[in-house]
Amino acid sequence: MIARLLLLAALASLCACSPGDSGLALQNDYLQRLSNALDEPRPESFDSAELPRYRMPPRRARLIAIAEVRISLLDLLIDVRHCPALQQQISQRNSSLGKQLTPSSRLAYEGELLRDIDACAEHMRGSDEQALSQTLETLAVAKRQQLPAVYWNALNGSAEVERYLRFAETALPADASEDNAALEALAQLAEIGSALPQRLPPPAAQLDALFFALHASDQGGQLITSLASLTHNLEQGSQLLESRQQRRPLCPTGQATARARIVQNIFVKYYAGSLQPYLAQVHRRGQSWSASLRRLSSTAQIPTATRDYLLQLSAEEASLWAGFEQATARHVRSWQATLKSCGLAPGQSGWNGNSANSDQ
């Protein structure tokens, strides 16, 4: 009868997850089994209502007003007739389509424009058009100064970036496929921002591919949800282990008891065998993801709202990422202390790395 009640309780906790949320189901199953084995009350489940704290700030707080440069590109159109590439860029910008460029398209355009301005200025430098050459050089300086702001508007005004950094309804799947394209795209975008204005942004085709990689990935938002839920559940699991040892030690005499061996089986089969591989894949993705976000947070002219948000996710202290790492380390210590107190830890005489066949 007791076994049946425990099974029903475990099934109820699994049903609390969103349909198809294998990552959260795995976490809940582990926590329920650990609670049963320790004979401790089932801890509080992760509440998805906590996730909105990781919502991006409003777009209006993240966009930068960029003043028009004093030198009119339209006035230059006739003067640069000896530089057809630049003339074409200016014509494009002053067309009806050019005036409706998306923020990410404008970043690519500004890079191409500056390349053509530099080339034209160099071409004119040895000619009779010294005044024009000087005008172009002045324009280039002004445009370069604006590049970081254009860059941040490209990211902050991008639906692709917003989607990638928005928490998801479900955690990262337990069997998630590799998502290197999106992680690499995020890293490359961070590198582009860090190199400005000395190194110009890449052409549209290259930038579009990076934004598309973010758009095509569901794992950015799932990673946020996984980090939040794992932090909560690992802390709950640590509290279970520590509370049991403080109130009713599993092995009062230091000798392994029957219940302690059940708990050891949970460690081998459900922590090391099931949860740990999931933790490893979340950690692997999270390392690359958080490093890119920290690099973005230190990029020049970043809006304060954006910087605060990125650091809330990825800072090395007091962030979503830091909380996950701390919860992971605490849970390992809690397990080590519990098993060592019974002589059942790896390296001790009672260690058994093979889990029992029966479910706990």
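Among the residues of the stretch 174-189, is there at least one that is out of contact with any Pro (no Cβ under 6 Å at 6 or more places or on another chain) and farther than 30 Å from residue 22 by Cα? Steps first, please.
Pass one, the stretch 174-189, residues out of contact with any Pro (no Cβ under 6 Å at 6 or more places or on another chain): 174-189.
Then keep just the ones that are farther than 30 Å from residue 22 by Cα; that gives 188-189.
Scanning the stretch 174-189, I find at least one residue that is out of contact with any Pro (no Cβ under 6 Å at 6 or more places or on another chain) and farther than 30 Å from residue 22 by Cα, so the answer is yes.
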Could you tell me whether residue 228 is in contact with a Gly (Cβ under 9 Å, 6 or more places away or on another chain), at pLDDT 95 or above and within 14 Å of residue 351 (Cα to Cα)?
-> no
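Please tell me if residue 270 is part of a helix (DSSP H, G or I), under 30 Å from residue 145 (Cβ atoms) and in contact (Cβ under 8 Å) with a residue 60 or more places away in the chain. Spell out how you get there, then give the answer.
Values: part of a helix (DSSP H, G or I): yes; under 30 Å from residue 145 (Cβ atoms): no; in contact (Cβ under 8 Å) with a residue 60 or more places away in the chain: yes.
When the stated conditions are applied, residue 270 does not pass them.
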Exactly one of (1) outside the structural domain of residue 282 (by TED's automatic domain parsing); (2) among the aliphatic types (A, V, I, L, M); (3) in a helix (DSSP H, G or I) is unmet by residue 228. Its number?
-> (1)
Tell me which of these residue 253 doesn't satisfy, since it passes every other one: (1) assigned to a helix (DSSP H, G or I); (2) free of Cβ contacts under 8 Å to residues at least 60 places away in the same chain; (3) assigned by TED's automatic domain parsing to the domain that holds residue 45.
-> (1)
Could you run through the stretch 118-171 and say how many residues are of a type in the set (Asp, Glu) and more than 35 Å from the chain's Cα centre (by Cα)?
-> 5
Which one of 115, 144, 166 is surrounded by fewer than 20 Cβ atoms within 10 Å (Cβ to Cβ) and either assigned by TED's automatic domain parsing to the domain that holds residue 299 or assigned to a loop (DSSP other than H, G, I, E, B) (or both)?
-> 166
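Among the residues of the stretch 67-86, is any of a type in the set (D, E, K, R) and modelled with pLDDT of 90 or more? Before the answer, list the steps.
Initially, the stretch 67-86 is screened for residues of a type in the set (D, E, K, R), giving 68, 70, 75, 79, 81.
Restricting the remaining residues to those that are modelled with pLDDT of 90 or more gives none.
No, there is no match, as no residue in the stretch 67-86 is of a type in the set (D, E, K, R) and modelled with pLDDT of 90 or more.
Residues of the stretch 294-348 being of a type in the set (D, E, K, R), farther than 23 Å from residue 147 by Cβ and either within 17 Å of the chain's Cα centre (by Cα) or assigned to a loop (DSSP other than H, G, I, E, B) (or both), which ones? Steps first, please.
First pass over the stretch 294-348, keeping only residues of a type in the set (D, E, K, R): 294-295, 307-308, 316-317, 325, 330, 333, 340.
Still in the running and farther than 23 Å from residue 147 by Cβ: 316-317, 325, 330, 333, 340.
Once the filter is applied, which keeps residues that are of a type in the set (D, E, K, R), farther than 23 Å from residue 147 by Cβ and either within 17 Å of the chain's Cα centre (by Cα) or assigned to a loop (DSSP other than H, G, I, E, B) (or both), the stretch 294-348 yields 316, 317, 325.
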Among the residues of the stretch 170-199, write down those that are assigned to a loop (DSSP other than H, G, I, E, B), modelled with pLDDT of 95 or more and closer than 24 Å to residue 52 by Cβ.
-> 170, 171, 172, 173
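The values are calculated or read from the model by the stated rules, or taken from the named source; none is laboratory data. All values derive from a computational prediction rather than experimental measurement. Heads up, the Cβs are rebuilt from the backbone with ideal geometry, glycines too, and the neighbour counts pull from every protein chain shown.
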